[in-house]
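Beneath this line is the structure, given in structure tokens, with notes to follow.
Coordinate-derived values only; no laboratory data. Bear in mind that the values here come from a model prediction, so they are computed numbers and not experimental data. Here the Cβ positions follow ideal geometry from the backbone for every residue, glycine too, while neighbour counts run over all protein chains shown.
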Amino acid sequence: MRSIKWLAFGVAVGALFVAERLRPLRVRREPGVERVARNLAIGLLAAATTAACELPIVAPAAKLVERRRIGVLQWLRLPRAPRIVLGFLLLDYTLYLWHWLNHRVPFLWRYHAVHHIDLDLDSTTGLRFHFGELALAAGFRAAQVLLLGVDRDTLRLWQQMLLLSVVFHHSNLELPIEVERGLVRLVVTPRMHGIHHSMRPDETDSNYSSLLSWWDRLHRSLRLNVPQSAVTIGVDGFLRRDAVTLERSLTLPFRPDGPAVLH
Ligand SMILES: [Zn+2]
């Protein structure tokens, strides 16, 4: 079952990868295979880190929640269906807060900036997270599970949908505007997330949601009125190709000349 899900995920990502090249939303600044290979390499390190951290940290936390009935949702003693729905919503909302913190706390931004300095935005950006960011995120995920009292089924469901959403909303696929206007009422879309990846700080400071778009509406951080043709993807000070090489990307959080501009 697990391998079928991964196969389906691989097919979905592959289809998106082809579709975004046939119907691009934004003009590419770094076309060619070099950038894709770089993002895949960073993504592979990220996936290995997540696997290495989830097993000893997050999975035991979810098991502990079920065994000891700890966390808010367990104390409420809700029936299964509302517990799953509420758990899903709370996981998604607290991820909004974590993403916002990643832009506010200088230590976290050093890692999250590696994701933002990509000069283009497409499905491979959705895999391009620094391994340090994902190690920190695993710690946060364990805290989410323990405090909220999320069981393993809810966590798995949310994580699978989140993964699909992340690849989708980073994609460079031009959907008909009416389709996006409908979708964005519920979930984060490519145009919505494109504005978050703008080099302009006032535009980056918006659209922090990762799956459901409701949290930006709730916090009045939703911004949809910027056309993609007016968006320059990247981070000020890192807009040249030699600033975003594989080596420069992986060492960015540890260098004194790291992202000086805190968005
Ligand atoms: Zn961000």
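Some notes on this structure:
- By the count of neighbouring beta-carbon atoms within 10 Å, fewest first, VAL244, VAL65, VAL114, VAL33 end up ordered VAL33, VAL244, VAL65, VAL114.
- On full extension, the segment bounded by ALA59 and HIS219 gains 54.5 nm, given 0.36 nm per residue less the C-alpha separation.
- Counting beta carbons within 10 Å around each of LEU97, LEU134, LEU146 and listing the fewest first gives the order LEU97, LEU146, LEU134.
- Each label was represented as a point 7 Å from its Cα along the Cα-to-Cβ direction; for LEU22 and ALA47 these points are 2.4 nm apart.
- Shape call, the chain: gyration tensor on alpha carbons, a/c limit 1.5: prolate
- Gyration tensor (alpha-carbon) shape descriptor, region 52-182, a/c threshold 1.5: oblate
- Cβ-Cβ FRET estimate between ASP202 and ARG248, R0 fixed at 30 Å, reported to 0.05: 0.70
- Derived scalar couplings between HN and Hα for region 28-37 equal 6, 9, 10, x, x, 7, 4, 5, 4, 4 Hz in order, rounded to whole Hz, by the Karplus curve 6.51 cos²θ - 1.76 cosθ + 1.60 (θ = phi - 60°), x for Gly and Pro.
- Neighbour counts of other Cβ atoms within 10 Å put THR189, THR49, THR94 in the fewest-to-most order THR94, THR49, THR189.
- Simple label model, 7 Å out from Cα along Cβ direction - GLU178 to TRP6, nm: 4.1
- From helices alone, the chain scores -19000 deg cm²/dmol at 222 nm; the rule is -39500 (n - 2.57) for each run of n ≥ 4 DSSP H residues, then divide by the residue total.
- Each residue, THR232 and LEU40, gets one label point 7 Å from its Cα in the Cβ direction; the gap between the two is 3.0 nm.
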